[in-house]
Amino acid sequence: MSGLSDELRIAGYDVVGGPDWDAKTPAELEEELDIETLDAEIGAVVSGLDRNINYYKVSMAAAYVAAGRLYVATNTDTTYPMKPNGTTSPGAGLSSAAVLGTVGRDAPDAVAGKPSALLGKTICEAFGLTPERTCMVGDRLDTDMLFAHNAGFSQLAVLSGVITEADIEANKDAAVAPHFMASSVQVLADLLAEEEAKESSA
């Protein structure tokens, strides 16, 4: 979570919470949270992957969201792969799900990362890309491939993370169905190396 806090500060925002609240307790919450005296200087709540999420953080975030503050999630990934042992842990979606569940909402006001079409537009503008000549490589259907679909990119699914061939087959007619599939991104590296070798020998 410190990375998100750091980036927001670099962008010129004042940040409250984050790692500073890692050790906060429910007892402190009772003393410090008063719905009648919320900080008027706080204009938005931003959540992301937080391995130190706790009751205090969720309660504080929910209080400000319930009071009408803008709520932005970095992404809503439900799981995060833990390699090399093959298990998974909660993703950034744990934070947003906790806040949204507390306030009785289905979605944040905005998702800054995948699968937001806004992210695709921002990337194209920043790097001078066109959607029809851009390919998204990822290992998730619900975020990576959906992001590519929303942004108008081609979709390449790699099997080195969350996604499996069975998942792709089960969703072959859905918007998240990838155009291409590979075992890993190493396949792309090998193809690029082959092309470079051909060009250098021509």
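The values are calculated or read from the model by the stated rules, or taken from the named source; none is laboratory data. Bear in mind the structure is a predicted one, so any value in this text is a computation, not a measurement. Glycine also receives a Cβ, built like all others from the backbone with ideal geometry; neighbour counts cover every protein chain displayed. These accessible areas exclude ligands, DNA and RNA; they are computed on the full protein's heavy atoms, side chains included. Shrake-Rupley method; radii C 1.70, N 1.55, O 1.52, S 1.80 Å.
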Worksheet, complete the sentence: Restricting to aspartates and glutamates and to Cα separations under 12 Å from Lys24, and discarding same-chain partners fewer than 8 apart, the set is Glu32
Practice prompt. Could you order Thr76, Thr87, Thr143 by accessible surface area, starting with the largest, using a probe radius of 1.4 Å?
Written response: Thr87, Thr76, Thr143
Fill in: Relative pair counts by distance (%), Cα atoms of the range 1-75, 10 Å bins
18, 55, 26, 1
Practice prompt. Give the residues of the range 85-123 whose amide nitrogen is closer than 12 Å to a point set 7 Å from the Cα of Ala11 in the direction of its Cβ.
Written response: 110-113, 119
Item to complete: Any aspartates and glutamates with Cα under 16 Å of the Lys114 Cα? List them, leaving off those in the same chain fewer than 8 positions away.
Response: Asp77, Asp139, Asp142, Asp144
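Roughly what % of DSSP beta bridges within the chain run antiparallel, to the nearest 5?
On the way: 4 of 17 bridges.
Antiparallel bridges make up about 25 percent of those DSSP assigns within the chain.
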Practice prompt. Just grab the label-to-label distance for Glu169 and Thr102, each label 7 Å out from Cα along the Cβ direction, in nm (one decimal).
Written response: 4.3 nm
Worksheet item: Where does each of 145-151, 62-68, 21-27 land if you order them by average Cβ count within 10 Å, highest first?
Response: 145-151, 62-68, 21-27
Discussion item. Below 12 angstrom from the Cβ of Thr164, what's the summed charge of the other residues (Lys, Arg +1; Asp, Glu -1)?
Written reply: -3
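Considering Cα pairs under 8 angstrom that are at least six residues apart, work out the relative contact order of the range 116-202 and quote it in whole percent. List each step's numbers first, then the result.
Values: 110 pairs, mean separation 21.2, N = 87.
This gives 24 percent for the range 116-202.
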Item to complete: First measure r as the distance between the Cβ atoms of Ser201 and Ser89, then evaluate 1/(1 + (r/R0)^6) with R0 = 41 Å and state the FRET efficiency to the nearest 0.05.
Response: 0.35
Worksheet item: Just how much of Lys198 is accessible, in Å², when a 1.4 Å probe is used and the result is rounded to the nearest 10?
Response: 120 Å²
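Determine the sum of side-chain charges near Thr25: Lys and Arg each +1, Asp and Glu each -1, restricted to other residues whose C-beta is under 12 angstrom from that of Thr25. If you can, show how the numbers build up before the last one.
Numbers: positive: Lys24, Lys57; negative: Asp22, Glu28, Glu30, Glu31, Glu32.
With Lys, Arg at +1 and Asp, Glu at -1, the net is -3.
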Discussion item. As a test question: what accessible area, to the nearest 10 Å², does Phe127 have when a 1.4 Å probe is rolled over all protein chains in place?
Written reply: 150 Å²
Item to complete: Would you mind pulling out the separation of the Cα centroids of the range 1-69 and the range 142-202, in Å?
Response: 37 Å
Fill in: Under 10 Å, Cβ to Cβ, from Ile42 - net charge with Lys/Arg +1 and Asp/Glu -1
-2
Worksheet item: Hey, how much of the P(r) for the chain falls beyond 31 Å, as a percent of Cα pairs?
Response: 31 percent
